Amino acid sequence: MAAAVAAAPLDAAAATPRHAAADSEAARTRVLFDACDADGDGLVSRADLEATLRRLAGRSEGSRAKFASFDKDGDGALAYDEFTAAVFQRGLVAQAWPGASSGVIAEDLPGDPSSEERCAEYFASQRLAEVLVDMARGVSRARPEDPHAWMMEYLARHRPRRGAAAAPAPGRGKSGQRSIRVNTSAVLRKAPKKLLDAILGEPGWEAVESAADTGCAIYFTWDSRAFLQRLGHPSCAPAPGAPPVPPLPEAACVNRLPGMGHLCDKVNMALGLRLLQKLWPEKFSFWPKSWLLPAEMDQLRRWLGKHKGDTVIVKPADGSLGEGIFLAQSPGDLDAKLLAKPHWGGGFSALAQRYLPNPLLIGGLKFDLRLYVALTSTDPLTGYLCREGLARFCTTKYEKPSAANANEHYMHLTNFSVNKKSAGFVKADDPFDVDSQASKRPLSTLLRQIEVQEAAQGRIFDEARFYTACEEVVAVLLQSLAPVLNVTYARVAKEAKPKPKAKAKAKKAQRKGKKEDSSDEEEEDDSEGDEGDEYEPRCFQVLGVDVLLDENLQPWLLEVNGRPSMDIEEPVRLSEAPEGMRSCKCRDMDGEEHVHLPSKVDMLVKSTAMRGAFDIVVGRPLPPDYIPVKFEEHGPAGDLSGTLNLIARLYKAAGGADKAFTTYGVRRALAGAIEAGLNPHQVDAAVTRWKHQGYRQSGDLEKDTAEIGVLDFAGLLQEVAMLQPDVDEDEPLDALIALIDACDVDD
């Protein structure tokens, strides 16, 4: 009688489909057991085993000896635990698919037990056994016309997600590990507080809600005033009677960079990108053609008149949440819609961009991506791209823009703030469901859906190439912002630096045993010694970089948000909410009765991004969901970052906002180049032209307003660089570098 093993009772989890119980040992065992049970009688005999090997691998040699080696007690039958050990510890899977992968299946060393064990270990660690068995059975049942395409799609759907995305970093919370203290006193009643509570409630973190506490590693702020107060900036002194806010401790950091909020204005961002675009035009395939309004209205009208059928999308400079955005397809259409703006002609400014004609669609819907970037230094430029992000979908099936649908915001605008009000908005139940139709999905889930969609077309989706393309967009964007951020940081830090007299008094009070009759001369000596000390507060910021994928999977930069939403709740209509909930009184849904419920997608994605950023700035190992941005791999020949930093230094040498556009200031900054032969009268003429043009602010700069004048000054330098003798008009970057080199500015 043939040796056999009867099926063991299965729990409820094992009886569910494999993908719903992938982590169940019983489920994994049952999958392989069923695969070996060739005749379906609930028993695995030696004949069944041989048939299975013939079906899956085309051979059955050695199966009798292998079966005997599994039968430890020699009774001719395998107990259930013997079967499990045989399958998962002795490499039966490797025997079932010999040569499936020359780098994994150790068929070239059939007599080496260690190679078989390594193979089994690899299969178990990568969860390959259950996937491959299921795939083999599935393709056998489906018998598709193109089995290779079918298997590609199957593997895309059943790829395990990264386990680190929603879990704390390994080792966090071990006994004796010192917790990282994060001060949340500035956001006690603000949107990020719930997210921070969730992160800081994990082992290894501690939330501190006292503004007076000076023992924290991170100080979290959410607005300019709280940020400047923490720096000790004189413009944000506490109100009369309010307790003072201690300045940022030397070893601590704060989650904001001076000037970033202002620089993320759509027009200001475009100015920074244009600087690089002029110097490095071949690198700007990721940025749609753009116009700054109202200054470039005539150019935009001419372009629309020449490109019939094309569409532009117009975004107010200081707009947010999708407000004020519109599409235009002709000069007349553009003029009519601008005239409807209440502030047009009275300070209204906007960024107009060519509407991308062929966006990638998933399920017939247009979407964009919110990428998270942790910027930890601007000099040297240092940033990290988070692998997890948000995919935000429109709620009406996409059609190419036309006069009939140009005002269909649910079709063309991907903003969550717009689409959450749509009756077609779908809330996510399972963030990782590859078949999800939710209007907001994790980037990791979207990439699986793209992989499935590409596989259905017989194409392989290259995830590494996708992230490299996103990294390139981020690298160029951050390089364009760095000069302004460096100058703004230096100014704000100088303004916030404690005054020498106050520092001397503080030192005097802290000295134990110091005589009360210390002379003023000693005090003065102390203050003079401190005068040269640099005040360099440690700052970082988590940015939201929005991109749109075209049908070729190329990311196109839309905008950057200096304060991306950290809300982990979303509005739900009261009619769709659990019974007994009270309607919220806010205007989030334009007056429609609603409640706010936790969002699984927001919680997963935003906690991954923020927790990882915290890990980076406190010096923990780089989180698995972050990758360093390699600026050196995404720049032209020569050090572009260094060149941009030198522009910022020349701007300061010329006198900054006060003197950089005077002939005296520019001549002083360019003294070396003028001495080397640059015509000073031509320089004066260029300065006169730029004195009355550009986008810099008039009057005194306030608080942490970004010094956009750096970008105007860069434009002036570009014009002056082309005045040098023997320059190549087709190499503006080389000309600019030559001008800066002649000025002998220290890097």
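Remarks
- ASP590 falls short on exactly one of the conditions (1) in contact with a Leu (Cβ under 6 Å, 6 or more places away or on another chain); (2) loosely packed, with under 14 Cβ neighbours inside 10 Å; (3) touching a residue at least 40 places away in the same chain (Cβ under 8 Å), and that condition is (1).
- Only helices (runs of 4 or more DSSP H) whose full extent lies in the stretch 201-291 are considered here, and the ones with at least 3 residues that are within 30 Å of ALA738 (Cβ to Cβ) are 266-279.
- Screening GLY309 with (1) modelled with pLDDT of 90 or more; (2) open to solvent by 30 Å² or more (accessible area, probe 1.4 Å); (3) over 30 Å from GLU719 (Cα atoms); (4) of a type outside the set (A, V, I, L, M, F, W, C) gives one miss only, at (1).
- Candidate set from the stretch 407-422 (those that are of a type in the set (Ser, Thr, Tyr) and open to solvent by less than 60 Å² (accessible area, probe 1.4 Å)); member that is modelled with the highest pLDDT: THR414
- Close pairs from the stretch 614-634: first within 20 Å of THR184 (Cβ to Cβ) and modelled with pLDDT of 95 or more, partner among the β-branched types (Val, Ile, Thr) and open to solvent by 30 Å² or more (accessible area, probe 1.4 Å), Cβ under 9 Å, at least 6 apart: ILE616/THR376; VAL617/THR376
- Evaluating LYS315 against the criteria (1) under 26 Å from PRO564 (Cα atoms); (2) assigned to a loop (DSSP other than H, G, I, E, B); (3) among the charged types (D, E, K, R) leaves one unmet condition, (2).
- Among residues of the stretch 327-342 being assigned to a helix (DSSP H, G or I) and in contact with a Phe, Trp or Tyr (Cβ under 7 Å, 6 or more places away or on another chain), the one that is most open to solvent (accessible area, probe 1.4 Å) is LYS337.
- Sole exception among (1) within 26 Å of the chain's Cα centre (by Cα); (2) open to solvent by 10 Å² or more (accessible area, probe 1.4 Å) for VAL314, by number: (2)
- Being more than 23 Å from ASN268 (Cβ to Cβ) and of a type in the set (A, V, I, L, M, F, W, C) is a property that ALA685 has.
- Test result for GLY346, open to solvent by less than 40 Å² (accessible area, probe 1.4 Å) and either modelled with pLDDT under 95 or touching a helix residue (DSSP H, G or I) at 6+ places or on another chain (Cβ under 7 Å) (or both): no
- Of the criteria (1) more than 35 Å from the chain's Cα centre (by Cα); (2) open to solvent by 50 Å² or more (accessible area, probe 1.4 Å); (3) within 29 Å of GLY272 (Cα to Cα), which one ARG649 fails: (1)
- Subset of the stretch 284-338 [closer than 28 Å to PHE416 by Cα and among the aromatic types (Phe, Trp, Tyr)]: PHE284, PHE286, TRP287, TRP291, PHE326
Rundown of residues vs (1) over 16 Å from the mean Cα position of the chain (by Cα); (2) modelled with pLDDT of 95 or more, yes/no style:
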{"position": "LEU369", "(1), (2)": "no, yes"}
{"position": "CYS386", "(1), (2)": "no, yes"}
{"position": "ALA391", "(1), (2)": "no, yes"}
{"position": "LYS397", "(1), (2)": "yes, yes"}
{"position": "ALA403", "(1), (2)": "yes, no"}
{"position": "ASP433", "(1), (2)": "yes, no"}
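- Scanning the stretch 379-395 for residues that are in contact with an Asp or Glu (Cβ under 9 Å, 6 or more places away or on another chain) and in contact (Cβ under 8 Å) with a residue 60 or more places away in the chain gives LEU385, CYS386, ARG387, GLU388, LEU390.
- Residue match in the stretch 153-176 (condition: among the charged types (D, E, K, R), open to solvent by less than 40 Å² (accessible area, probe 1.4 Å) and at pLDDT 70 or above): no
- Any hit, the stretch 577-584, residues being modelled with pLDDT under 95, more than 30 Å from ASP318 (Cα to Cα) and either surrounded by 17 or more Cβ atoms within 10 Å (Cβ to Cβ) or within 20 Å of the chain's Cα centre (by Cα) (or both): yes
- Where strands (runs of 3 or more DSSP E) fall wholly inside the stretch 546-647, the ranges with 2 or more residues that are under 27 Å from GLY424 (Cα atoms) are 555-561, 569-573, 594-598.
- Residue check for ALA252: within 30 Å of ALA403 (Cα to Cα) and hydrophobic (A, V, I, L, M, F, W, C): no
- Where a residue in the stretch 119-139 is open to solvent by 70 Å² or more (accessible area, probe 1.4 Å) and its partner, wherever it lies, is modelled with pLDDT under 70 and outside any helix (DSSP H, G or I), with Cβ under 7 Å and at least six apart: TYR122/VAL104; ARG127/ALA22; ARG127/PRO160
- Being free of Cβ contacts under 8 Å to residues at least 60 places away in the same chain and at positive phi is true of GLY309.
- All positions within the stretch 228-254 that are open to solvent by 10 Å² or more (accessible area, probe 1.4 Å) and touching a Cys at 6+ places or on another chain (Cβ under 8 Å): GLN229, PRO249
- Scoring SER599 on the criteria (1) exposed (fewer than 13 other Cβ atoms within 10 Å of the Cβ); (2) farther than 19 Å from ASN255 by Cβ; (3) not hydrophobic (A, V, I, L, M, F, W, C) leaves a single failure, condition (1).
- Test: residue in the stretch 456-470 that is polar (S, T, N, Q), touching a residue at least 60 places away in the same chain (Cβ under 8 Å) and either open to solvent by less than 10 Å² (accessible area, probe 1.4 Å) or closer than 20 Å to ALA609 by Cβ (or both): no
- The residues listed here are THR378, THR382; of these, the one that is open to solvent by 30 Å² or more (accessible area, probe 1.4 Å) and polar (S, T, N, Q) is THR382.
- When ALA207, ALA186 are checked against the criterion of being surrounded by 21 or more Cβ atoms within 10 Å (Cβ to Cβ) and under 16 Å from CYS253 (Cα atoms), ALA186 stands alone in meeting it.
- Residue identified as polar (S, T, N, Q), closer than 28 Å to SER444 by Cα and touching a Gly at 6+ places or on another chain (Cβ under 6 Å) among ASN552, ASN561: ASN561
- Test: residue in the stretch 264-282 that is among the β-branched types (Val, Ile, Thr), open to solvent by less than 30 Å² (accessible area, probe 1.4 Å) and over 30 Å from LEU339 (Cα atoms): no
- So ARG620, is it charged (D, E, K, R), surrounded by fewer than 18 Cβ atoms within 10 Å (Cβ to Cβ) and more than 24 Å from GLN693 (Cα to Cα): yes
- Among the candidates ALA475, ALA509, ALA493, the residue that is part of a helix (DSSP H, G or I), at pLDDT below 95 and over 29 Å from GLY261 (Cβ atoms) is uniquely ALA509.
The values are calculated or read from the model by the stated rules, or taken from the named source; none is laboratory data. Predicted model, so just to flag it, every value in this text is computed and none were measured. When we count neighbours, we look across all protein chains shown, and the Cβ atoms used for this are built from the backbone with ideal geometry, even at glycine. Accessible surface areas use protein heavy atoms only, side chains included; no ligands, DNA or RNA. Shrake-Rupley method; radii C 1.70, N 1.55, O 1.52, S 1.80 Å.
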